Amino acid sequence: MSFIDLENIIFQYKGSKDGSLVNVNLKIEEGQTVLLCGASGSGKTSIIRLINGLIPHYYSGELSGEITVADHDIKNTELHALAGTVGTVFQNPRSQFFSVDTDGEIVFGPENIGLEPKEIKTRMNDVVAEMDLEELLGRSVFDLSGGQKQRIACASVAALLPKIILLDEPSSNLDFDSIELLRGIIMEWKRQGKTIVISEHRLWYLKDAVDRVIYMEDGRIAKEWNAEEFNLLGEEEVKKYKLRPVTLEEELIREIRGECDSEIIETEQSLELKDFFFSYKKRPYLVFKKKFKESDGDFLNLNIPDLKIPKGKVIGLVGPNGTGKSTFLRCLCGLEGDCKGKIVSDGITYKGRQRLKICYMVMQDVNHQLFTDSVKSEVMLSMKEEDEKRCDELLERLGLIEFKDTHPMALSGGQKQRVAIASALASDAQILLFDEPTSGLDYSHMEKVSELLRQLAVSGASVIVSTHDPELISDCCDYVLGLNHGKAIYLKANKYS
């Protein structure tokens, strides 16, 4: 019997067709690194949940077949009994945090299973050294960037010394530097002989790390490649399977990292941004709150005194995690009240919360902006005047029409993202802001989002997209705006579009 053995698996989630599995047979040997790829809803996450026992012990549904993991019969093994055998790093690391500080999070697992304090201390020291985490110790988890949170999530799993490590879309919110760190962590686990299963849309960073690649389609295993075959896949074959590229151009990576030369171009039709200064650090004041200004320098998280960006175009906002991209978007649309910046459009100046009238933002974590009890109601909520026909058209274009009466919280991460995008389209705002709109999306849905962003720009909207997604940038961005330490470093035409 194999180390992980799924035999004749048939599974249907209760009340949902998405993510179901049909006649899945999968054997994984100890020490192998296996990549699960395929479209959203093809069954990748369901396989992860079978291995860690969330199916059937947390997610209910109709299940048949046998699941054996490291000699455990999963159907008859309680979740807590798998803690030292299987560790899981989820797509959103915040969903698995139990502590408010990094040290507490790393040792939470060992403490929870009742290890002696001396052993807990030893494990923490070993994990911190292996993953080079010294700089993150003693920090609040709420102050960490997406990449830093993912590193802490990996450390908290590793501290349990599991034989099997599962990662579900681990790179979806990470920049290139953080992805390289994640890859290094995976390679270290591989060196230690861990059995690793990764569900992922981004393929390029794993091409030399995996031993096998399993391609899922409609709940079935439709194709399998070994490492050599996977690395030799040509561009056309990758597109045939609607997968993201296996290789990326080095120059495009440099551009997304914000490593290009300083250059700010100007165009005839522009939105002018003035006095966009902001800091998360609060300064004491006696009577009046003092306005931030350019001379505040290093105190500022955002420092843009004057910037003209092309109007009616798609602007890709790039730069490393923690460099101020999300802060820029939040300040631009008026969500940060302490930012007193102004937007000048067609001779009209919009100050403070007036910017909310012309801007609409889709957040990186869309759970913060889904309020109603159905997808249809969510989209209609954004409309100035309710239009059911237009709502259906938007849902059809985004592949969501079959979920129109579904509660948004019952959808997958990628589907929720598309609901938020549909709401943005329905708002008819002059300036549309998107924070990582394709995180967690497969190639097909990324293409759909890309096409919609282009159409929005053609219709006259100004679209600003914060992204680490090279395919999205090359597909639809007219210009690229590079941000570093809260400052606009360059703005130039995108030669890849």
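State the label only: which of (1) 30.0; (2) 28.0; (3) 24.8 corresponds to mean projected area of the Cα convex hull in nm² computed from the shown model?
(3)
Sum -39500 (n - 2.57) across every DSSP H segment of at least 4 residues in the chain, then divide by the residue count to get the 222 nm mean residue ellipticity, nearest 500.
Working: 15 runs with 149 residues, N = 497.
Calculated at 222 nm, the ellipticity per residue is -9000 deg cm²/dmol.
Where the centre of each part is set by its Cα atoms, how far does region 375-426 sit from region 324-368, in angstrom?
Answer, in whole Å: 23.
Quick one: grab the alpha carbon gyration tensor of region 1-86, order the square roots of its eigenvalues as a ≥ b ≥ c, and give me rounded if a/c is under 1.5, else prolate or oblate depending on whether a/b is larger than b/c. Walk me through the numbers before you get to the answer.
Values: a/c = 1.66, a/b = 1.23, b/c = 1.35.
Since a/c reaches 1.5 but b/c is at least a/b, the shape of region 1-86 is classed as oblate.
Return the distance in nm (one decimal) between the two label points of a simple spin-label model at residue 62 and residue 342, each offset 7 Å from Cα along Cα→Cβ.
Computed distance between label sites residue 62 and residue 342 equals 6.5 nm.
List the pairs from 239/448; 27/163; 149/281 whose alpha-carbon separation is above 19 Å, in the order I gave them. Kindly include the intermediate steps, with their values, before the conclusion.
On the way: 239/448 15 Å; 27/163 16 Å; 149/281 21 Å.
Distance filter (> 19 Å) returns 149/281.
If you fit an axis through the alpha-carbon atoms of helix 146-158 and take the longest principal axis of the Cα set of the chain, what angle between them do you get, 0 to 90°, nearest 10?
Compared with the principal axis, the helix lies near 20 degrees.
Packing-wise, with mean Cβ within 10 Å as the measure, how do 109-118, 398-407 rank, highest first?
398-407, 109-118
Magnitude of the Cβ-charge dipole of the chain, K/R +1 and D/E -1, about the Cα centre, nearest 20 debye?
Dipole of the chain, to the nearest 20 debye: 1700 debye.
How far is the Cα center of region 7-63 from the Cα center of region 127-166, in Å?
Taking the Cα centre of region 127-166 as reference, the centre of region 7-63 is 26 Å away.
Using the alpha carbons of region 4-250, what is the convex hull volume per residue in cubic angstrom, as a whole number? Present the calculation step by step, with values, prior to reporting the outcome.
Numbers: hull volume 30.6 nm³, N = 247.
Expressed per residue, the convex hull around the Cα atoms of region 4-250 is 124 Å³.
How charged is the neighbourhood of residue 158? Take every other residue with its Cβ under 11 Å from the Cβ of residue 158, and add Lys/Arg as +1 and Asp/Glu as -1.
0
Let me make sure I get this right: for region 162-251, a, b and c are the square roots of the gyration tensor eigenvalues over alpha carbons, sorted descending. Under 1.5 in a/c it's rounded, otherwise prolate if a/b > b/c, else oblate. Which is it? Before the final figure, lay out each step's value.
Numbers: a/c = 1.64, a/b = 1.21, b/c = 1.36.
Judged from the Cα gyration tensor, region 162-251 comes out oblate (a/c at least 1.5, b/c at or above a/b).
Provide the FRET efficiency to the nearest 0.05 for the residue 267-residue 142 pair, computing r from the beta carbons and using R0 = 41 Å.
With R0 = 41 Å, the Cβ-Cβ based efficiency is 0.60.
None of the figures in this text is laboratory data; all of them are computed from the coordinates on show. What you are looking at is a predicted structure, and each value in this text was computed from that prediction instead of being measured. All Cβ positions, glycine included, derive from the backbone under ideal geometry; neighbour counts span all protein chains shown.
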